[in-house]
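Report on the following structure.
All of the numbers you see were taken from the coordinates with simple rules; none came from a lab. A quick note: this is a predicted structure, and the numbers were derived from the prediction, not measured. Cβ sites come from the backbone with ideal geometry, for glycine too, and all protein chains shown count toward neighbours.
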Amino acid sequence: MIITRAPKGTEDLLPKDSYRWHFLEEEFKSIAGLYGYKEIRVPTFEHTELFERGVGDTTDVVEKQMYTFLDKGGRSVTLRPEGTASVCRSYLENNLYADSLPLKMWYELPCFRYENKQKGRLREFHQFGVEVFGSKGPEIDAEVVSFALEFLKNAGLSDMSVNVNSIGCPECRAKYNEVLKEYLRPHLSELCDTCKSRFDRNPLRILDCKSPICGKIVEGAPRLLDYICDDCREHFDSFLENLKELGIDYTIDSGIVRGLDYYTKTVFEIISGGFTVCGGGRYDGLIEEFGGDKTPAIGFGLGIERLLLRLDELNVEIPKCDSPELYIAPLGDLAKKEALKLVLSLRKNGISVETDFMGRGLKPQMKYADKIGAKFVIVLGDDEINTGKVRIKNMLNGQQTETTQDKLVAFFKEDK
């Protein structure tokens, strides 16, 4: 083990790249505000049973990917593999159901899944997500899809496709499971060991298996969409109509079942470049599973690292907005002290300013100011200190403007 290397499947966010995250975070917060969503923050770890019951004990997440351990009190806890179960727990524990409904929340959080590192997948990854509680109508389903598309478009993603499906309710899904088992029974010996164990407990999960052999077998399986009940069919049809009303093009993909057991009725994925950048759907039975009243709910999760990877592939330029407005280059010990006071005064007035802390000469300071992207530079020497006058150099066009130190705030507050 080399302690100066990050654990496998994790990555550092370096200062030179943090502006990209800030850009996405601000865009997501902005869309959330427009759509009436408020932020929620939940713990990084929960009781293991929360995810076993919520996510599903036959899913890959629970069976293979969770970081689970005993704490010092002997309690089994798990690092959060996804956000929905934690938000549902908070919804119940904090009596959020007493608030006005629908309750619309958003979050940004790290998640943890033990899986092999591959394109767009890490063991510690970060998600944006939304959850809506209390609305059972298909209109909110369409709004959630619209929210995701609006954000992704603002982030710079252009080549998106929306794939939708309905996986029905527990009643029609139970009937479909029997049909699916009859189809799979002749191929039972060919299935991977994990899918063999799922055959009786949860055959629907076999449709989501990543094994090429299992994938080939289920290609000809009956479509769940053909077996949903009248109520689920009506909901799905209305959902599609609402997407059309919002001008959202979609493709019905009967292969979407999502990898978590709590989904009901509507499920959707947004695809770009051949992989899923956003996925979500309804989970109308999850609050009841956790001991609450039956509560309709819907949400989505969106991987930040995966989105950034796709934006890079498309050569999308994310604007930098963290360069200082001004760099003050002091010459001499007295100028360094004066520069510190001037920097503090300007910062108190909301102006981003940097100065020298490395004892550099003038030429290296100018190179440094250019490297950090400072828009303007002031050289502060004995003459400037004695007269109170300074020259402000525009680093873009080289133009210089003379003013006094007491008018610097006004200069930078003006539209230049």
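Values for this structure:
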{"read-out": "Using distinct alpha-carbon pairs, which all enter the 1/r mean, Kirkwood radius of the stretch 304-416 in Å", "value": "15.3 Å"}
{"read-out": "Per DSSP, loop trypsin sites (Lys or Arg not before Pro) in the stretch 1-77 with at most 13 further Cβ within 10 Å", "value": "Arg5, Lys8, Lys16, Arg41, Lys72, Arg75"}
{"read-out": "Nitroxide proxy distance, nm - points 7 Å out along Cα→Cβ at Asn95 and Leu188", "value": "5.1 nm"}
{"read-out": "Fewest-first sequence of Phe268, Phe23, Phe151 by Cβ atoms within 10 Å of each Cβ", "value": "Phe23, Phe151, Phe268"}
{"read-out": "Among Ser272, Ser254, Ser345: highest mean-square fluctuation, GNM of the chain, C-alpha pairs under 10 Å", "value": "Ser345"}
{"read-out": "Within a Gaussian network of the chain (alpha carbon springs, distance under 10 Å), most fluctuating of Ser189, Ser211, Ser158", "value": "Ser189"}
{"read-out": "Computed E for Lys367/Ile248 - FRET, C-beta separation, R0 51 angstrom, nearest 0.05", "value": "0.55"}
{"read-out": "Average Cα contact separation per residue, the stretch 326-413, under 8 Å, 6 or more apart, as relative contact order %", "value": "32 percent"}
{"read-out": "Whole-angstrom gap from the stretch 339-377 to the stretch 169-205, using each part's C-alpha centre", "value": "66 Å"}
{"read-out": "Within a Gaussian network of the chain (alpha carbon springs, distance under 10 Å), most fluctuating of Asp226, Asp193, Asp284", "value": "Asp193"}
{"read-out": "Label-point separation in nm, Asn397 to Phe45, each point 7 Å along Cα→Cβ", "value": "5.8 nm"}
{"read-out": "Distance between modelled label sites at Asn116 and Met1, nm, 7 Å Cα→Cβ extension", "value": "2.4 nm"}
{"read-out": "Pairwise centroid distance, computed over Cα atoms, of the stretch 221-274 with the stretch 285-311, Å", "value": "16 Å"}
{"read-out": "Tilt relative to the chain, helix 84-93 - C-alpha long axis, 0 to 90 degrees, to 10", "value": "90 degrees"}
{"read-out": "Ascending count of other beta-carbon atoms within 10 Å, so fewest first, for Trp21, Trp106", "value": "Trp21, Trp106"}
{"read-out": "Exposure proxy order (Cβ contacts within 10 Å, fewest to most) of Asp356, Asp333", "value": "Asp333, Asp356"}
{"read-out": "For the chain, calculated [θ]222 nm from helices alone, where every DSSP H run of n ≥ 4 adds -39500 (n - 2.57)", "value": "-11000 deg cm²/dmol"}
{"read-out": "With Cα atoms, 0 to 90° folded angle of helix 362-371 axis to the chain main axis", "value": "20 degrees"}
{"read-out": "Helix 138-155 vs. the chain, principal-axis angle (Cα, 0 to 90°, nearest 10)", "value": "40 degrees"}
